[in-house]
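Read the structure below first, then the notes.
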Amino acid sequence: MKLRLTSGEVFPFRPEDTIFSALKRAGIYLAAPCGAKGACGKCRVRILEGGFSTDGFANLTANDRSSGIVLACMTRPESDLLIEVPKESLLVVGDRISVSGTKDLAKYLQSYGAYIDPIGKTGSYGIAVDIGTTTIVVYFIDLKTGSIVDIGSTYNSQIRFGDDVITRIIYATEGGGLQELKDAVVSDINALIKTIMERHDIGPSEISAAVIAGNTVMSHIFWGLDTASIREEPYDPLMTRFPIWKASTAGLSMNPDAQVYTVPCVASYVGGDIVAGVLASKLHLKEEIALFMDIGTNGEIVIGNNEWLMTAACSAGPCFEGSGIKCGMRATTGAIEAVRIDPVTLIPSLSVIGEGRPVGICGSGMIDAISEMLLTGIIDQKGRLVEGRSASTRRSEDGPEYVLFHDHKLHRDIVLTEVDIENILRSKAAIYGGISTLLSGAGLSMDTINKVYIAGGFGNCLDVKKAIIIGMLPDMPEEKFKFLGNTSITGAYMCLMSAKLRNDAEVIASRMTYIELSVSGMFMEEYISALFLPHTDMNLFPTVAGLLKKREGSKF
Ligand code: FES
């Protein structure tokens, strides 16, 4: 049996194939946040000709089904098939990866009172690597001067096995796919190194050192270590400190004897990327109490100063990256990234990445949309759509939804459903609840925080005011917030270049008190209070209370 695409390409089916696996083998990757388990509804394809059987429909509507839409991961051929793969189902790679923080890092290194003292010492070049669940960034460094020779970035091709770390652990353990996942990340890094080496006429033997910073799951997979215990009680990873292994052990295309340092992890869900982030923020060196938060696929937070550090992982879930949201997507071309709703006409105006036709909505767009919907009375403080308030609100098979964009051509509207809003509220409540729990644990209140450092890809496109309106960030003056970009790679650079800062990273990891939120009664209470927009205790959000009062006064 054969699989034909409307583009004209033809691929063979194997007997065990779903449409998803046949496309994957042909190098066509579909978005698969659930790891091809039939749960996320993102791997939609349209069958134009042929017989098939299907095992599940997730969130497909009757309309979708009658127009031939199926989930590729749940559908098997019964004859040759002709299919159309919609653009929004394709896994987008190589687009808009934020590589911020490329300031003069050699100078920044000196500001710690550290001098150039690289790991491995003798060679000419080294690499600092940030292995994110979604993206990988490599800094190629001249070890003598500390200058950045070049930078490479790519999507982590493990995405094709699932969006979040839990799906990857399941794939590694239940599917026996650990080696496959390791190979994926190592070959991503090697491809980046190779391109840079060719561009600068540098040979692999000249690269003599590497530092890896990643979350605990990514660090384990990179070294081929078993990840099973991370998701089983008592949720302890196999290791938090890693020996300095050789590049040949990792399979990196560089001097085989090169030393590879892994930034230490703290716990199962607070990894080396957060330790590197704290190192880069200098939070651990200052007397003032600061909050460090990395809002990515997960949501890790650290509170403290030069005397103490507390940390937690918020299990915010990857909804800000598009998972679990009907029209959600990553911040790539076609994503609605900002929304403004006219308070009088209630008509939304959208800003789209790449300025073309929108195909979905990304995290910053979701936060914008919800804050605007709240301030214009389209939703109430529970996140429910107010009936009759806006002509863009309608009821569909998935329940009430708000239409952001009518796609008359493709008959696929971009909407935020009430269920989407609930999911987003859960994520923001997990983040805010995590912050309040850590603060309460330390016997402190929100106003003791002097600075909020925001790290991660989300960072720079996040509108702080809007994030405060929905109650994701504490209600504080804007000047207290500082976007740091990718602190994981900055911290990895510091560890590559300085023995003193490698030691600091070890000290930060050992000083951090980890609070497991999933067993904390206090977290549950804080989380539930934060499920409201912005919060059940409006005294915590005086600015938002003022805005809502103004709205009431404007008699809608
Ligand atoms: S439903 Fe097919 S990948 Fe999630």
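The values are calculated or read from the model by the stated rules, or taken from the named source; none is laboratory data. Predicted, not measured: the structure shown is a model, and the values here were computed from it. With ideal geometry, Cβ positions are generated from the backbone for all residues, glycine too; neighbour counts draw on all protein chains shown.
Being of a type in the set (Phe, Trp, Tyr) and either more than 10 Å from the ligand (Cβ to nearest atom) or not in a loop (DSSP other than H, G, I, E, B) (or both) is the requirement here; does residue 20 meet it? Can you show your working first?
Details: of a type in the set (Phe, Trp, Tyr): yes; either more than 10 Å from the ligand (Cβ to nearest atom) or not in a loop (DSSP other than H, G, I, E, B) (or both): yes.
Against the criterion (of a type in the set (Phe, Trp, Tyr) and either more than 10 Å from the ligand (Cβ to nearest atom) or not in a loop (DSSP other than H, G, I, E, B) (or both)), residue 20 qualifies.
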Odd one out for residue 345 among (1) touching a residue at least 12 places away in the same chain (Cβ under 8 Å); (2) among the β-branched types (Val, Ile, Thr); (3) assigned by TED's automatic domain parsing to the domain that holds residue 376: (1)
Those residues of segment 452-478 which are surrounded by fewer than 18 Cβ atoms within 10 Å (Cβ to Cβ) and among the basic types (Lys, Arg), in sequence order: 465
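Residues are listed down the side, and each one gets a yes or a no for (1) surrounded by fewer than 22 Cβ atoms within 10 Å (Cβ to Cβ); (2) of a type in the set (Val, Ile, Thr); (3) in contact with a strand residue (DSSP E or B) (Cβ under 6 Å, 6 or more places away or on another chain):
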| residue | (1), (2), (3) |
| --- | --- |
| 247 | no, no, yes |
| 254 | no, no, yes |
| 259 | yes, no, yes |
| 272 | no, no, yes |
| 278 | no, yes, yes |
| 299 | no, no, no |
| 313 | no, no, yes |
| 320 | no, no, no |
Pairs where the first residue, in segment 517-532, is within 11 Å of residue 433 (Cα to Cα) and the second is hydroxyl-bearing (Ser, Thr, Tyr) and not in a helix (DSSP H, G or I), C-beta under 6 Å, 6+ apart: 529/536
Scan of segment 49-60 for residues that are more than 14 Å from the ligand (Cβ to nearest atom) and surrounded by 14 or more Cβ atoms within 10 Å (Cβ to Cβ), ordered by number: 50, 52
Which listed residue is over 18 Å from residue 435 (Cα atoms), touching a helix residue (DSSP H, G or I) at 6+ places or on another chain (Cβ under 8 Å) and surrounded by fewer than 24 Cβ atoms within 10 Å (Cβ to Cβ), from 340, 357: 340
Criterion violated by residue 70 - all others in (1) of a type in the set (Val, Ile, Thr); (2) within 13 Å of the ligand (Cβ to nearest atom); (3) more than 23 Å from residue 163 (Cα to Cα) satisfied: (3)
Lone qualifier among 207, 196, 166 - being within 25 Å of residue 108 (Cβ to Cβ) and surrounded by fewer than 22 Cβ atoms within 10 Å (Cβ to Cβ): 196
Residues of segment 22-49 that turn out to be in contact with a helix residue (DSSP H, G or I) (Cβ under 8 Å, 6 or more places away or on another chain) and within 20 Å of residue 167 (Cβ to Cβ), as a count: 15
Residue match in segment 174-183 (condition: assigned to a helix (DSSP H, G or I), of a type in the set (Lys, Arg) and over 21 Å from the mean Cα position of the chain (by Cα)): no
Members of segment 137-163 that are small (Gly, Ala, Ser) and buried (at least 18 other Cβ atoms within 10 Å of the Cβ): 146, 152, 153, 157, 162
Residue in segment 54-71 that is of a type outside the set (A, V, I, L, M), touching a residue at least 24 places away in the same chain (Cβ under 8 Å), in contact with a Leu (Cβ under 8 Å, 6 or more places away or on another chain) and assigned to a strand (DSSP E or B) present: no
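For segment 226-244, enumerate the residues that are crowded, with 19+ Cβ neighbours inside 10 Å and either touching a Gly at 6+ places or on another chain (Cβ under 6 Å) or closer than 29 Å to residue 143 by Cβ (or both). Give the steps one after another, and end with the answer.
Going through segment 226-244, the residues crowded, with 19+ Cβ neighbours inside 10 Å turn out to be 227, 230, 237, 240, 242.
Once the filter is applied, which keeps residues that are crowded, with 19+ Cβ neighbours inside 10 Å and either touching a Gly at 6+ places or on another chain (Cβ under 6 Å) or closer than 29 Å to residue 143 by Cβ (or both), segment 226-244 yields 240, 242.
To keep it simple, each residue is scored yes or no on (1) in contact with a Pro (Cβ under 7 Å, 6 or more places away or on another chain); (2) surrounded by 19 or more Cβ atoms within 10 Å (Cβ to Cβ); (3) under 30 Å from residue 107 (Cα atoms).
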position: 489; (1), (2), (3): no, yes, yes
position: 499; (1), (2), (3): no, no, yes
position: 504; (1), (2), (3): no, yes, yes
position: 518; (1), (2), (3): no, no, no
position: 524; (1), (2), (3): no, no, no
position: 529; (1), (2), (3): no, no, no
position: 536; (1), (2), (3): no, no, no
position: 540; (1), (2), (3): no, yes, no
position: 550; (1), (2), (3): no, no, no
Tally of residues being on the phi < 0 side of the Ramachandran plot and more than 11 Å from the ligand (Cβ to nearest atom) across segment 24-41: 3
Residue list for segment 323-349, filter: among the aliphatic types (A, V, I, L, M), out of contact with any Gly (no Cβ under 7 Å at 6 or more places or on another chain) and within 23 Å of residue 534 (Cβ to Cβ): 325, 341, 346
Residues of segment 204-235 classified as touching a helix residue (DSSP H, G or I) at 6+ places or on another chain (Cβ under 6 Å) and free of Cβ contacts under 8 Å to residues at least 40 places away in the same chain, total: 0
Pick from segment 10-43, criterion within 16 Å of residue 82 (Cβ to Cβ) and within 26 Å of the chain's Cα centre (by Cα), ranking: surrounded by the fewest Cβ atoms within 10 Å (Cβ to Cβ): 28
